[in-house]
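**Q** I am attaching a structure below and will ask some questions about it afterwards.
Every number in this text was worked out from the coordinates using simple rules, so none of it is lab data. Keep in mind it's a predicted model, so treat the numbers as computed, not measured. All Cβ positions, even for glycine, are placed from backbone atoms using ideal geometry, and neighbour counts span all protein chains on display.
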Amino acid sequence: MNVSDVKLLADRLRGEIAKAVVGQTDTVDLMLTALLAGGHVLLEGPPGTAKTFLAQCFARTLDLDYGRIQFTPDLMPGDIIGANIFNFQTSAFALTKGPIFCELLLADEINRTPPKTQAALLEAMQERRVTIDGVPHILSDRFTVVATQNPIEQQGVYPLPEAQLDRFLFKQTLKYPSAEEERAIVSRHGALTGAPDPVTMGVEVVAGREEIAAAVAAVSAIRLADPVTNYVVALIRATRESADLETGASPRAGAMLAIAARARAALEGRDYVIPDDVKALTLPALRHRVILSPAAEIEGRLVDETLTTLIERIEAPR
């Protein structure tokens, strides 16, 4: 598969998801970029903005083995990864796999469970394996987490630890739709009875595991020139030098941003990265990895505004 084929695949995927989900094109593109880059996505937004349904449609179009965990305050790590259960018939312990053994995992309302349970995802997200009673179990090489969370201002939520947030390639903030989009949503979904389902809404499979593997291979061949590499490094280091940020982006953030930029280039049908690829992904790739300084918080500044200022200040290569 070449980059032209990757672009055609992405266009078909967008078309299928658009049958069921109105708008959210930027979110769909970030999810596809993350899949090809081997990353994970955190979706934040108020209830009812199609976060869960979007993940279901995405899994459907790519024929991914889909799993879902509803995170609650009483959820335990074993409920996620599984456990060895004693079988009285065989007088031996047998592994009961948790819902994490899938290809696309929807971690729904991830910040409604305590940090101890959130941490059960750390090894899986970083190394694509889980350890149960000291024995490692390998997950799919395409294992991807799409997590949803409610805004931190809502009651009953636990902030995600920095180590957990750093595992997500992107954090996308979903907002309410425009008036035109909302009319289309009401018109399309208001005619249904019951909860919407990707299959009943006509969402078809556009690719399988072989096509995904071929697309990932195409991304690995994308060229990243030295000036663009220097641009990525300059953006990352600028977050650590800013007086408005108490904590800047990690070296992992720079590496993942570069990989994501290569994936975006392939989705655009190019075999090379341009500065616009990096610039387009910097905000969703860094907004969850940096922390405002106390002075900036007192002044009412926002992370997105601070990062946007940095992005505009760093000169892009030509």
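**Q** Tell me whether the chain comes out rounded, prolate or oblate; compute the Cα gyration tensor, take square roots of the eigenvalues as a ≥ b ≥ c, and use a/c under 1.5 as the rounded threshold.
**A** Numbers: a/c = 1.34, a/b = 1.21, b/c = 1.11.
It comes out rounded by the Cα gyration axes.
**Q** Full-extension gain between D276 and T200, please, as 0.36 nm times their residue separation minus the C-alpha to C-alpha distance. Write out the running numbers ahead of the final one.
**A** On the way: separation 76, 0.36 × 76 = 27.36 nm, distance 3.78 nm.
Stretched fully, the D276-T200 segment lengthens by 23.6 nm.
**Q** May I pose another question? How about segment 3-36: which trypsin sites (Lys or Arg not before Pro) there lie in a loop by DSSP and see at most 16 other Cβ atoms within 10 Å? Please report the intermediate quantities before stating the final value.
**A** On the way: sites: K7, R12, R14, K19; in loops: K19.
Hits after loop and neighbour filter: K19.
**Q** What FRET efficiency, computed as 1/(1 + (r/R0)^6) with R0 = 41 Å and r the Cβ-Cβ distance, is obtained for K19 and A225, rounded to the nearest 0.05?
**A** On the way: r = 38 Å, r/R0 = 0.93.
About 0.60, to the nearest 0.05.
**Q** Hey, can you grab everything whose amide H is under 5 Å from the amide H of Y158? Only 5+ residues off in sequence or another chain; H modelled, so Pro and N-termini drop out.
**A** R112, T113
**Q** Output the peptides 284-291, 21-28, 307-314 sorted from most to least packed, where packing is the average of other Cβ atoms within 10 Å over each peptide's residues.
**A** Working: 284-291: 23.6, 21-28: 19.6, 307-314: 15.9.
Listed from highest to lowest mean packing, they are 284-291, 21-28, 307-314.
**Q** Between the DSSP loop rule and a limit of at most 16 other Cβ atoms within 10 Å, which GluC sites (Glu not before Pro) in segment 192-227 are left? Let's see the in-between values first.
**A** Numbers: sites: E204, E210, E211; in loops: E204.
Passing sites in segment 192-227 are E204.
**Q** Stretched out fully, how many nm does the piece from A217 to E246 gain, at 0.36 nm a residue minus the Cα gap? The partial results should precede the final answer.
**A** Working: separation 29, 0.36 × 29 = 10.44 nm, distance 3.77 nm.
Extending this stretch completely gives an extra 6.7 nm.
**Q** Here is a follow-up. Want the number for E297 to D63: 0.36 nm per residue separation, take away the alpha-carbon distance, what's left? Each step should come with its number before you reach the end.
**A** Numbers: separation 234, 0.36 × 234 = 84.24 nm, distance 4.37 nm.
Contour length minus Cα-Cα distance gives 79.9 nm.
**Q** Could the peptides 87-97, 73-83 be put in order, highest first, of the mean number of other beta-carbon atoms found within 10 Å of their residues? The partial results should precede the final answer.
**A** Values: 87-97: 10.0, 73-83: 16.4.
Most protected by this proxy first, the peptides run 73-83, 87-97.
**Q** Rounded to the nearest 0.05, what FRET efficiency do S91 and I138 have when you use their Cβ-Cβ distance and R0 = 30 Å? Show your work: numbers first, answer last.
**A** Numbers: r = 27 Å, r/R0 = 0.91.
It comes out at approximately 0.65.
**Q** To continue, here is another question. Classify segment 7-126 as rounded, prolate or oblate, taking a ≥ b ≥ c as the square roots of the eigenvalues of its Cα gyration tensor: rounded when a/c is under 1.5, otherwise prolate if a/b is larger than b/c and oblate if not. It would help to have the intermediate numbers written out before the result.
**A** On the way: a/c = 2.49, a/b = 1.82, b/c = 1.37.
Prolate, because a/c is 1.5 or more and a/b exceeds b/c.
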